[in-house]
Amino acid sequence: MNSNSLLFSPFTLPNGVTLPNRLIKAAMEENLSDPNLEPGKALWNLYETWAHGGVGTMITGNVMVDHRAMTGPGGVVLEEGTPLEGFRKWASKAKVAGGKIIMQINHPGRQVLAKLGGEVWAPSAFAVDIGKFSKLLGKPREMTKTEIEETIQRFAKTSQLALESGFDGVEIHAAHGYLISQFLSPIANQRKDEWGGSLENRSRFLLEVIQAVRKTVNPDFIVAVKLNSADFQKGGFQFQDAKEVISRIQTLGVDFIELSGGNYEAPAMQGETRDGSTISREAYFLEFASEVAKTATVPILVTGGIRRKQIAESVLVSGVPLVGIATALALNPNLPNDWKEEEKQKNPVLPEPNWKSKTLKGLANMAMVRYQLNRLSENKKPTIKVSPIMRLMMDQIRMVRLTKRYQKWIRNHTR
């Protein structure tokens, strides 16, 4: 079987569910909820567009398990009491071409914008350090054991509601410096109780979330985990830690593990690190993923920078069975069909800001991608004719508007 046919061959997960092909739309932060923090026409359109583009499986952007803690304004929330109509339509639109839809579920922990307000919880009361931009994020307080238990149950409840809404699975977000990743990090987690200290204790929160979710859903409901291969900070979560965590979680009914890396302080998921380590510009985390795949008993998905067919094929050749694509699908939603039909490669690339600040570069990159998602949600074509500084400014204005909308929603909801 040649690599092209392998890219488009079905793949069966440990729970018996078969994915249509090896290409997975990885999560991107859309910030496209309706005013009620639910999916509406914008998200329905966006996912229907991708569905027709030939990708076999899609993982949504962050869906929050707690309306008091958002990764950003315009985010979607699914918790006890949330109406499910919009979610059911989202799932059905995403599956219109026969693909699968997986909901990424998340809690931001300390990575909450100060302007948003709400609860800024963390394993320990240590703020995110992004230099002069640190004040943009809220000041966290250490979670109580009761809050830890409540949050574990929130992940389980959101998973149950995703199942009821017609989603094929959930992906538990344990990467990129969000709450579960904070528990895993020896920098962010300096607790002295059973939730901190040794790697066994630091991984307890993740293990209990997986077990609570698996207990709540059907056996044929996909449960995946997104994990950092490393957080690329000195003294932080390292490659060896990731390998140990994988060995712990792969026995808990996990159907695949997505490997990424980095956090707000060292955005390796955008090709930037803080500890000086280098990352190739495409397939950032492939080397680690292919090493893990040799011994892992569950399938591995690698995401980060993949935009060319040859690179996607090299992922499969390396022994990693699933290929995650993000930004490339924002720039060309029909990319899988183009690859399958051997179309002349269309590999549009966004302009790269030549700025010193990694934080500003990261914000500009996200702003440019969000602009593409906005266009797709309005049935417009993507465009690479964008100015990083202009898109960053326009995105900030939009975020201010969405922040005010969220604050108004919070005032009107006391559930």
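The values are calculated or read from the model by the stated rules, or taken from the named source; none is laboratory data. These numbers were taken from a predicted model, which means no experiment stands behind them. Counting neighbours? That spans all protein chains shown, and the Cβs are built from the backbone with ideal geometry, glycine included. The area values use the complete protein model at the heavy-atom level, side chains included, leaving out ligands, DNA and RNA. Shrake-Rupley method; radii C 1.70, N 1.55, O 1.52, S 1.80 Å.
General remarks:
- Flag for Lys41 being touching an Asp or Glu at 6+ places or on another chain (Cβ under 9 Å) and of a type in the set (Lys, Arg): yes
- Sole exception among (1) under 19 Å from the mean Cα position of the chain (by Cα); (2) modelled with pLDDT under 95 for Phe205, by number: (2)
- Which listed residue is open to solvent by less than 30 Å² (accessible area, probe 1.4 Å) and in contact (Cβ under 8 Å) with a residue 24 or more places away in the chain, from Pro351, Pro333: Pro333
- Applying a threshold of 6 Å to beta carbon distances and a minimum spacing of six or more residues, or different chains, the list of pairs starting in region 356-377 at a residue that is free of Cβ contacts under 8 Å to residues at least 12 places away in the same chain and ending at one that is open to solvent by 20 Å² or more (accessible area, probe 1.4 Å) reads Arg375/Pro382.
- Residues of region 98-120 satisfying the condition of being touching a Ser or Thr at 6+ places or on another chain (Cβ under 7 Å) and assigned to a loop (DSSP other than H, G, I, E, B): Gly99, His107, Pro108, Gln111
Conditions tested, residue by residue: (1) among the β-branched types (Val, Ile, Thr); (2) open to solvent by 10 Å² or more (accessible area, probe 1.4 Å).
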{"site": "Ile24", "(1), (2)": "yes, no"}
{"site": "Met28", "(1), (2)": "no, yes"}
{"site": "Thr49", "(1), (2)": "yes, yes"}
{"site": "Gly75", "(1), (2)": "no, no"}
{"site": "Asn106", "(1), (2)": "no, no"}
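- Odd one out for Leu43 among (1) under 20 Å from Ile172 (Cβ atoms); (2) open to solvent by less than 10 Å² (accessible area, probe 1.4 Å): (1)
- Exclusive hit being under 23 Å from the mean Cα position of the chain (by Cα) and open to solvent by 30 Å² or more (accessible area, probe 1.4 Å), set Arg391, Arg405: Arg391
- Residue count, region 90-121 (criterion: under 27 Å from Arg68 (Cβ atoms), charged (D, E, K, R) and touching a Phe, Trp or Tyr at 6+ places or on another chain (Cβ under 8 Å)): 1
- Residue match in region 371-384 (condition: farther than 30 Å from Ala296 by Cα, among the basic types (Lys, Arg) and buried (at least 18 other Cβ atoms within 10 Å of the Cβ)): no
- Residues that are of a type outside the set (A, V, I, L, M) and either closer than 17 Å to Arg110 by Cα or buried (at least 21 other Cβ atoms within 10 Å of the Cβ) (or both), drawn from region 138-148: Gly138, Lys139, Pro140, Arg141, Glu142, Thr144, Lys145, Glu147
- Among the helices (runs of 4 or more DSSP H) confined to region 167-255, the ones with at least 2 residues that are touching a residue at least 40 places away in the same chain (Cβ under 8 Å) and under 25 Å from Met103 (Cα atoms) are located at 179-184, 204-216, 239-249.
- Test result for Gly166, at pLDDT below 95 and open to solvent by 10 Å² or more (accessible area, probe 1.4 Å): no
- Residue check for Ala266: of a type in the set (A, V, I, L, M, F, W, C), modelled with pLDDT under 95 and in a helix (DSSP H, G or I): no
- Region 118-129 residues that are closer than 22 Å to Thr403 by Cα, paired with ones that are at pLDDT below 90 (beta carbon under 6 Å, 6 or more apart): Val120/Gly138; Val128/Leu137; Val128/Tyr264
- Among the residues of region 111-132, those identified as buried (at least 22 other Cβ atoms within 10 Å of the Cβ), closer than 19 Å to Ile410 by Cβ and touching a strand residue (DSSP E or B) at 6+ places or on another chain (Cβ under 9 Å) are Gln111, Val112, Val120, Trp121.
- Members of region 305-330 that are open to solvent by less than 30 Å² (accessible area, probe 1.4 Å) and either closer than 19 Å to Ile101 by Cβ or free of Cβ contacts under 8 Å to residues at least 60 places away in the same chain (or both): Ile306, Val315, Val320, Leu322, Val323, Gly324, Ile325, Ala326, Ala328, Leu329, Ala330
- Among the candidates Lys89, Lys135, Lys157, the residue that is open to solvent by 10 Å² or more (accessible area, probe 1.4 Å), assigned to a helix (DSSP H, G or I) and touching a Ser or Thr at 6+ places or on another chain (Cβ under 8 Å) is uniquely Lys157.
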